[in-house]
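Shown next, in structure tokens, is the structure this report addresses.
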């Protein structure tokens, strides 16, 4: 049980824990956000190792890694789209809210709802276009030039990650509808999002 703590205003009140649901072991590691963080970290590390090895082999041994640029391109594409849901969920996109801050709560709520739903709609459209592009690549049998790796799975993974980001924006719209101040305050405390 939480003991009352002294707050900045001098009162003793019980402060709830930041994360009341504590998970450990595999349950903590299977969260979608954690999976995306692990994917992004693995991709970034792999790109670093591949680039380092390619440079050393190219300039020291005159034997570059065949197709390293193609693999790096695919990893970079997935890395960017894997980061998008995390940035959206944490509210770390650049936002200028100088005028909105001065508005009454109802206008802030409507504004937050419109922004989040607009983002969700744009991302759904983008996901749909990416999926269609990936389907065309699959139907045509498009592959990379050197290693002959199929392009379609990478583009379709980008589409799924974009759709996941759209779902996050829909949840954020629901949260904004319920409490726009809480969402913007969270973004400020995380160090991102609001200018």
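The values are calculated or read from the model by the stated rules, or taken from the named source; none is laboratory data. Since this is a predicted model, take the numbers as computed values, not measurements. Because the Cβ atoms are built from the backbone with ideal geometry, glycine has one as well, and the counts that use them run over all protein chains shown.
List of remarks:
- Contact map, the range 82-101: first residue on the phi > 0 side of the Ramachandran plot, second residue surrounded by 16 or more Cβ atoms within 10 Å (Cβ to Cβ) and not in a helix (DSSP H, G or I), Cβ cut-off under 6 Å, separation 6 or more or different chains; pairs are 91/193.
- Checking each residue in the range 59-74 for being closer than 20 Å to residue 151 by Cα and assigned to a helix (DSSP H, G or I) picks out 68, 69, 70, 71, 72, 73, 74.
One line per residue, one yes/no per condition, for (1) at pLDDT 85 or above; (2) more than 28 Å from residue 88 (Cβ to Cβ); (3) exposed (fewer than 12 other Cβ atoms within 10 Å of the Cβ):
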{"position": "3", "(1), (2), (3)": "no, yes, yes"}
{"position": "7", "(1), (2), (3)": "no, yes, yes"}
{"position": "12", "(1), (2), (3)": "no, yes, yes"}
{"position": "16", "(1), (2), (3)": "no, no, yes"}
{"position": "21", "(1), (2), (3)": "no, no, yes"}
{"position": "32", "(1), (2), (3)": "no, no, no"}
{"position": "44", "(1), (2), (3)": "yes, no, no"}
{"position": "54", "(1), (2), (3)": "yes, yes, no"}
{"position": "61", "(1), (2), (3)": "yes, yes, yes"}
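- Condition check for residue 45: farther than 23 Å from residue 150 by Cβ and in a helix (DSSP H, G or I): yes
So that you can scan it fast, the table gives a plain yes or no per residue for (1) buried (at least 17 other Cβ atoms within 10 Å of the Cβ); (2) assigned to a helix (DSSP H, G or I); (3) at pLDDT below 90; (4) touching a helix residue (DSSP H, G or I) at 6+ places or on another chain (Cβ under 8 Å):
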position: 76; (1), (2), (3), (4): no, yes, no, yes
position: 83; (1), (2), (3), (4): yes, yes, no, yes
position: 99; (1), (2), (3), (4): no, yes, yes, no
position: 106; (1), (2), (3), (4): no, yes, yes, no
position: 120; (1), (2), (3), (4): yes, yes, no, yes
position: 127; (1), (2), (3), (4): yes, yes, no, yes
position: 134; (1), (2), (3), (4): yes, yes, no, yes
